[in-house]
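I have placed the structure first, in the form of structure tokens, so that the comments after it can refer back to it.
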């Protein structure tokens, strides 16, 4: 049995009536105010009451601790040392307010026998911190001293906190709150990360606390493959023997995707490990639809349970991704699907051989026991509710296969595995809620999937099965709020898989034909584009304007469809160029993301050198991206080039680290 079972607890603090987009952290952006009292005390205390109920629910599910963000918002620098924040500094006053609120939550956790951990990005900063320490440089001794001081203050001000969880692999960009709270990717080599550990670890050892270092990385710098490289892992953590140091590792070698092998760094010698799992599946529509983790987590937890290096698990119920809708939050901070997955994950951590099917059926039946049947015969009501509960369980249990075939493309028999040391995700065509028209990605998928027609047939079966579940649930639904949400979720799931099928039915054959160099039929391309446009319109008509179950973000794919209808010959040439570039990357040297885009641009320039502006655009892409880049040129040119040449998913320019950090 895995005895340390942690879960995040951000969900109850999100206000569904305020805009929210980035789930990667606690919703400070909703609660921080620019003027006194500098925090929205009403939302903070509303969230606190919900979080206390949520904490009790997590405890009842079997979790033994919680993880909450973040160090930057909890440090006031009120202890010994030079003054960092003035007495009336908004940053200091916010820290005091959050510490008071979280202190109540942490007291409750402590009374339930649950641990508390706080997260941080490294390197975090505020304007006052930047003025005090000077250069945001890993070698700056003033920065190291400030980090030690901040950590000591956290443990002193919030004695319930058991330890600190540190992420260095994804900071800056969309993770920043303007200049007020910013992140900097300055720990990008094993040597500097070891120095950071050696800076923080003595504070934890002296205080009897834990330091948990995450291996999550997104391909930037020498540590870009830390998540999946045994050699990089050994270089980074080798020789550390302190029981106060743990390493947190995702169960797969990339982000939280399906159909990946186990992470090859699991169980390696060195510090013991926390294994990260995700219940609110960010790449599978944010808990808006059923997304069973029964098989996925059972396999991961069976391995973990047998591994003496496993020191616990960390389940994510609120964290990760850009997008989603208010149904992701449900009435209490999580959807019914996330709540079910959270309960199942905790149960599997205790007993990996658990009968998951029976667990799901009993959980849903218990949840629905207070529902009221629409039938007039009261004696038949329990049977009506039981049928609906079993039908709901059936949908949840089958959802893993429906997602694998209808949202992913099933197993990719010719997948590349790693490119530049980073595992390629098997789900590349849609990022969170936004389908992409990036031609290099579709060129890769058309090659990786092998039999395009078989993949499309499997997707059609998945969409049909999802529609069956939606109709079945609607026919059985009792008069109950949870039942109404389940029915709407099932309808949304079926509609999204139908749209997925339409998009894949356009893009995969197009790129498969371009890869083979087959003769293209312009009228057929345009007809398929019109069919896809109708599917997009139908989806938008059904879900646009809804905050609970929002329509997918379709501007990028719609723009591509429009371009294909108007200029099919140009799109065909771009597709040919993309296939040539992907073939060069897969069967030649590894160029990385920018190099692949550059190869597309160069190929496009050659194919269209007599076509005026398009030829110039292709040549500009090649020159800008294939050669070593200056950060300013990349930042200015890449979004425009990408949009016009369909090079990269548009979400890349919104989410995560900035383009300049990737270029560096």
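The values are calculated or read from the model by the stated rules, or taken from the named source; none is laboratory data. Just so it is clear, the structure is predicted and the values come from calculations on it, not from any experiment. Please note: Cβ atoms are built from the backbone with ideal geometry, for glycine as well, and neighbour counts cover all protein chains shown.
Structural remarks
- Here residue 513 fits the description: at pLDDT below 95, over 27 Å from the mean Cα position of the chain (by Cα), assigned to a helix (DSSP H, G or I) and buried (at least 21 other Cβ atoms within 10 Å of the Cβ).
- Of all residues in segment 204-218, those satisfying the criterion of being over 28 Å from the mean Cα position of the chain (by Cα) and either farther than 20 Å from residue 270 by Cα or part of a strand (DSSP E or B) (or both) are 206, 207.
- Whichever residue in segment 217-238 is surrounded by fewer than 20 Cβ atoms within 10 Å (Cβ to Cβ) and modelled with pLDDT of 95 or more and, among such residues, is farthest from residue 165 (Cα to Cα): 231
- Complete set of residues in segment 384-408 that are part of a loop (DSSP other than H, G, I, E, B) and over 24 Å from residue 264 (Cα atoms): 407
- Going through (1) closer than 16 Å to residue 260 by Cα; (2) not in a helix (DSSP H, G or I) one by one, residue 437 falls short only on (1).
- Residues in segment 648-664 that are assigned to a loop (DSSP other than H, G, I, E, B) and at pLDDT below 90: 654, 655, 656, 657, 658, 664.
- From the list 149, 142, the lone residue that is without any contact (Cβ under 8 Å) to a residue 12 or more places away in the chain and either in contact with a helix residue (DSSP H, G or I) (Cβ under 6 Å, 6 or more places away or on another chain) or part of a helix (DSSP H, G or I) (or both) is 142.
- Filter pass, residue 174 being outside any loop (DSSP other than H, G, I, E, B), modelled with pLDDT under 95 and surrounded by fewer than 21 Cβ atoms within 10 Å (Cβ to Cβ): yes
- Of the numbered criteria (1) at positive phi; (2) free of Cβ contacts under 8 Å to residues at least 40 places away in the same chain; (3) under 21 Å from the mean Cα position of the chain (by Cα), the one residue 173 fails is (2).
- Scope segment 544-562; condition outside any loop (DSSP other than H, G, I, E, B) and in contact with a helix residue (DSSP H, G or I) (Cβ under 7 Å, 6 or more places away or on another chain); matching residues: 556, 557, 558, 561
A quick yes/no check of all residues on (1) farther than 14 Å from residue 482 by Cβ; (2) modelled with pLDDT under 90; (3) surrounded by fewer than 20 Cβ atoms within 10 Å (Cβ to Cβ):
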| site | (1), (2), (3) |
| --- | --- |
| 348 | yes, no, no |
| 365 | no, no, yes |
| 373 | no, yes, no |
| 386 | yes, yes, yes |
| 393 | no, no, no |
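- Counted residues, segment 418-427 - those being closer than 14 Å to residue 582 by Cβ and either in a strand (DSSP E or B) or at pLDDT 95 or above (or both): 1
- Scanning segment 499-528 for residues that are free of Cβ contacts under 8 Å to residues at least 40 places away in the same chain and either touching a helix residue (DSSP H, G or I) at 6+ places or on another chain (Cβ under 6 Å) or at positive phi (or both) yields 502, 528.
- Scanning segment 450-480 for residues that are in a helix (DSSP H, G or I), within 18 Å of residue 368 (Cα to Cα) and in contact (Cβ under 8 Å) with a residue 40 or more places away in the chain yields a count of 4.
- Top-ranked residue of segment 157-170 - restricted to ones that are in a loop (DSSP other than H, G, I, E, B) and over 27 Å from residue 103 (Cβ atoms), ranked as nearest to the chain's Cα centre (by Cα): 170
- Subset tally (residues that are buried (at least 16 other Cβ atoms within 10 Å of the Cβ) and either out of contact with any helix residue (DSSP H, G or I) (no Cβ under 7 Å at 6 or more places or on another chain) or in contact (Cβ under 8 Å) with a residue 60 or more places away in the chain (or both)) for segment 65-88: 15
- For residue 185: the one exception among (1) modelled with pLDDT of 95 or more; (2) in a loop (DSSP other than H, G, I, E, B): (1)
- Filtered by the rule that a residue be surrounded by fewer than 22 Cβ atoms within 10 Å (Cβ to Cβ) and either under 28 Å from the mean Cα position of the chain (by Cα) or in contact (Cβ under 8 Å) with a residue 60 or more places away in the chain (or both), segment 125-136 gives a lone residue, 136.
- Residues located in segment 282-307, provided they are touching a residue at least 24 places away in the same chain (Cβ under 8 Å) and in a loop (DSSP other than H, G, I, E, B): 285, 286, 287, 288, 289, 290, 291, 292, 293, 307
- When residue 480 is tested against (1) touching a strand residue (DSSP E or B) at 6+ places or on another chain (Cβ under 7 Å); (2) modelled with pLDDT of 95 or more, exactly one condition is not met: (2).
- Candidates are the residues of segment 54-64 that are under 25 Å from the mean Cα position of the chain (by Cα) and in a helix (DSSP H, G or I); the one that is surrounded by the most Cβ atoms within 10 Å (Cβ to Cβ) is 58.
- Yes/no for residue 42 being assigned to a helix (DSSP H, G or I), touching a residue at least 60 places away in the same chain (Cβ under 8 Å) and either over 21 Å from the mean Cα position of the chain (by Cα) or under 23 Å from residue 331 (Cβ atoms) (or both): no
- Scope segment 254-275; condition touching a residue at least 60 places away in the same chain (Cβ under 8 Å) and within 23 Å of residue 337 (Cβ to Cβ); matching residues: 254, 255, 256, 257, 258, 259, 260
- Qualifying residue in segment 188-202 (condition: part of a loop (DSSP other than H, G, I, E, B) and out of contact with any helix residue (DSSP H, G or I) (no Cβ under 8 Å at 6 or more places or on another chain)): no
- Within segment 3-23, the set of residues being surrounded by fewer than 20 Cβ atoms within 10 Å (Cβ to Cβ) and outside any strand (DSSP E or B) comprises 3, 4, 15, 16, 17, 18, 19, 20, 21.
- Apart from one condition, residue 91 fits all of (1) surrounded by fewer than 20 Cβ atoms within 10 Å (Cβ to Cβ); (2) closer than 25 Å to residue 175 by Cα; (3) in contact (Cβ under 8 Å) with a residue 60 or more places away in the chain; the exception is (1).
- Residue 447 more than 22 Å from residue 215 (Cβ to Cβ), out of contact with any strand residue (DSSP E or B) (no Cβ under 9 Å at 6 or more places or on another chain) and in contact (Cβ under 8 Å) with a residue 60 or more places away in the chain: yes
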